[in-house]
Structure formats: C-alpha cells, structure tokens
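This report concerns only the one structure given below.
The values are calculated or read from the model by the stated rules, or taken from the named source; none is laboratory data. Quantities reported herein were computed from a predicted structural model and do not represent experimental measurements. Cβ placement follows ideal geometry from the backbone for every residue including glycine, while neighbour counts extend to all protein chains displayed. Side chains are part of the model used for accessible areas, which takes the heavy atoms of the whole protein and leaves out ligands, DNA and RNA. Shrake-Rupley method; radii C 1.70, N 1.55, O 1.52, S 1.80 Å.
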Amino acid sequence: MDSHHKTDLCTLGIESTAHTFGIGVCRSGKILANASRTYSQKFGGMKPSDAADHHALAAEDVLCEALRHAGITMRDVGLIGYSKGPGLAPCLRIGRAVAVLCSSILNVPILPVHHSLAHIEIGRHTCGMEDPLVIYVSGGNTQLLILKKGRYSVLGETLDIGLGNAIDTLARSLGLEKAHGGEIERLARTGKYFELPYTVKGMDFAFSGLVTKCEQVSRDHSHEDIAHSFQETAFAMLCEAAERALMITHKKEILLCGGVAQNTRLQGMVAGMAEENGVRFGCPEPQYNRDNGAMIAYTAGYLYHKFGHKYPDTDCGILPRYRIEDSPA
Ligand code: ATP
Ligand code: FE2
C-alpha cells in the first residue's frame, strides 16, 4: 500500500543538518541509494564548524558512492532535495551549497525539505502508514505530532532538551568512551531499576531533571543500573504522553521515528502500548531512522509530486530554527 507519491524523476537528496553528511537517491518512491559519512568526536560536544569541514571534505566521496549504488550518473538526476533545517547553520550551508551547485549545473529543480518532516515521511512510506500519531525522537527534537489541515501539528514536546541530547549528555557524564545512545542501550540491558524523577505535563515532558539526578547519584549506582533506570523512566514518560495523545486523537496507527527510535527497548515499550490500545505500530529500519540522505530524496520526490511547480516554499536558503508547523507537508 502506498497512496503517497511517485514522481518518476530521479531525485538526489542531501542531508547535512548535524553530524551526518548523507546523499540518497530515489525514483518513483523506490530508494536506490543511501550513502553517508558521519563526523564523530570521542569526547565533548560537537563543534559545528568542525562538522561542516568534515561535510565539505566528505561530499565528493558520498556523492560518488550514492551514484554508484543507484547505478546512475548525474545526467539521470531530475530533481535535487536538501535539508533546509532545523540544524546547525555551518553544516546546513554545506548541504545547501552542494544542492544549489548540482541543480544549477544540471538545470533541474531544487526543493528545500524540512529535516523532521523527512524523518516522518520516510517512516510513513517504509511502514506503509496513512495517518499516524507520530512519536519523533532524535537528538535535538522530541515531539508528538499529527497531520492536520495539510501540515504537521505538534501535540506535545519536550519542555527542555531532546531525548537524544539527554542520553548523550548522560553518556558523557558517565565518562563512556562512546557518548551515544547505542552505548546506553547496551549497558541498560543488564541493569536494575531504581526510582528517578518523572516529569510529564499533559502531553509535554522534560528530561534535564532526570539527567541531573543521574549525575548526582552516579557514584552510588553502577553504570548499568543508571542506564537502565534512565531508559525505563524516560521511555515511560514518552509512552504516557503518547497514550494521552492517542486517546484525544483516536488515531489508528503509531509511527516511532528519528535517531532515538533505533532503541529496541523504546520500540518494545511503544509497541506494547500500541497493542494495548488496538492500534498499529511502525518503526523504520535503523538506516532510515538515523540522519540520512534517502529520507530527503524520498520526501523531496513526494513533495514535488504533490505540489509540482506550485511548491509553496520558494526560498532555497537555510533555516536553522525551521519549525515543522511552517513546512508544507
Ligand atoms: P534531529 O535534527 O532530527 O534532532 P539528530 O541530529 O539528533 O537529528 P539523529 O540521527 O536523528 O540526529 O539522532 C541522533 C540521536 O539518536 C543521538 O542523540 C543518539 O545518541 C541517538 N541514538 C542513536 N541510537 C540510539 C539508541 N540505540 N538508543 C538511544 N538513542 C540512540
Ligand atoms: Fe535527525
């Protein structure tokens, strides 16, 4: 089932909002390539200008790899999509520059794409969903959304930091070599539960108090127990808020997407909640949940098919604080 899309133009999608530079290729709703390089720094946060340098250097290799995997040449490309935001300005500029250059050399249309919308659309597409309640969980963003009057509208969201950033901060505080959610997930498997602050306000939630508490008790508990208890608490908060959103909206599908959606414990908890409520659960495979170019290619193709030359956003710049409510969908 796919009622969405299908431009038969071969679409190149460029992603560069944060740590990942990715290029995907899509045609008629079919993903032909999904190449990427990720900038990683062992300790400390990411410096945007360093990530941007990484992207500028990686661009040529990633483009060649994407074309090779898709079995096409640049001459076959009929549409260029790129991430307009939200994201880090220096990183966004690299992706946009590559996109503008390709589109002007090839003389093909260029289409700016909202990064979070792309996470959702690739999820809706690969899970075959029509009109889901969306749980979007990534580094910088944690939101509950539904489609309403042709745009995504936010029903609930984090009142402070994104869940992925909370997890990465915790991992750094614990001094883990890889400050990443995958590492917290691995430790959590063998941990035992202890109680931590739980903050849900209606359909909103907050994570920074939880991180602070974990840091305060980090000498009294093992890394495993902290990782486990953090996950159980934060994911239960998300499930409670999402269940409330489900009651209000009466949606029949739940889509879990974004970088943190790669967490199998979170998938299990949301799937369980969906089952109890008799709704379908879906979650894209990891390569489409982490930041990637395929989701930009797919979404650009989808939007182009839907709007054609009448696509409402004609500003091909970048927008570091782009809100999803302001994006055509
Ligand atoms: P956005 O702009 O959508 O916020 P992003 O830049 O945060 O995107 P994503 O790839 O969407 O990038 O998400 C990255 C986040 O996902 C990181 O915080 C990372 O720690 C987290 N993450 C990745 N794998 C897991 C996992 N298995 N469990 C928990 N968190 C994870
Ligand atoms: Fe993302």
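Side notes on the structure shown:
- Relative contact order of the chain, pairs being alpha-carbon contacts under 8 Å that are 6 or more residues apart, as %: 26
- Tilt relative to the chain, helix 293-307 - C-alpha long axis, 0 to 90 degrees, to 10: 60
- Rounded to the nearest 500, the helix-only mean residue ellipticity at 222 nm of the chain stands at -14000 deg cm²/dmol, with each DSSP H run of n ≥ 4 adding -39,500 (n - 2.57).
- Computed E for H69/Y193 - FRET, C-beta separation, R0 30 angstrom, nearest 0.05: 0.10
- Placing unit charges on each Cβ (+1 for Lys and Arg, -1 for Asp and Glu) gives the chain a dipole about its Cα centre, and among L79, Q216, S40 the Cα reaching farthest toward its positive end belongs to L79.
- Length-normalised contact order of the stretch 208-329 in % [C-alpha pairs under 8 Å, at least 6 apart]: 18
- Fraction of beta bridges assigned by DSSP in the chain that are antiparallel (%, nearest 5): 60
- Legend: translational diffusion of the chain by Stokes-Einstein, Rh = Kirkwood radius over C-alpha pairs, 10 °C, 1.306 mPa s; D = 79 µm²/s.
- q = 0.13, 0.17, 0.22, 0.29 Å⁻¹: log10 I(q)/I(0) that the Debye formula gives for the stretch 83-142, counting C-alpha atoms only: -0.46, -0.71, -0.93, -1.15
- Note on K47: aspartates and glutamates with a C-alpha under 16 Å away, same-chain residues under 8 apart excluded, are D168.
- Accessible carbon and sulfur surface of the stretch 183-329 relative to its total accessible area, %, 1.4 Å: 49
- Contact order normalised by residue count of the stretch 121-286, Cα under 8 Å, 6+ apart, percent: 28
- For K192, a cut-off of 15 angstrom between C-alpha atoms picks up these aspartates and glutamates, skipping any fewer than 8 places away in its own chain: D220, E224, D225, E232.
- Those lysines that a straight Cα-Cα span of less than 30 Å connects to K30, excepting residues fewer than 8 apart in one chain: K6, K84, K148, K149, K251, K252, K306, K310
- Taking 0.36 nm per residue of separation and subtracting the Cα-Cα distance, full extension of the segment from A236 to S104 would add 42.7 nm.
- Relative to its Kirkwood radius, the Cα radius of gyration of the stretch 121-286 gives an Rg/Rh of 0.97.
- Potential lengthening between V217 and Q41 on full extension [0.36 nm per residue; Cα-Cα distance subtracted]: 60.7 nm
- Volume of the convex hull of the stretch 1-116 (Cα atoms only), normalised per residue: 112 Å³.
- Relative packing of 124-134, 305-315, 240-250, which averages over residues the other C-beta atoms within 10 Å, highest first: 124-134, 240-250, 305-315
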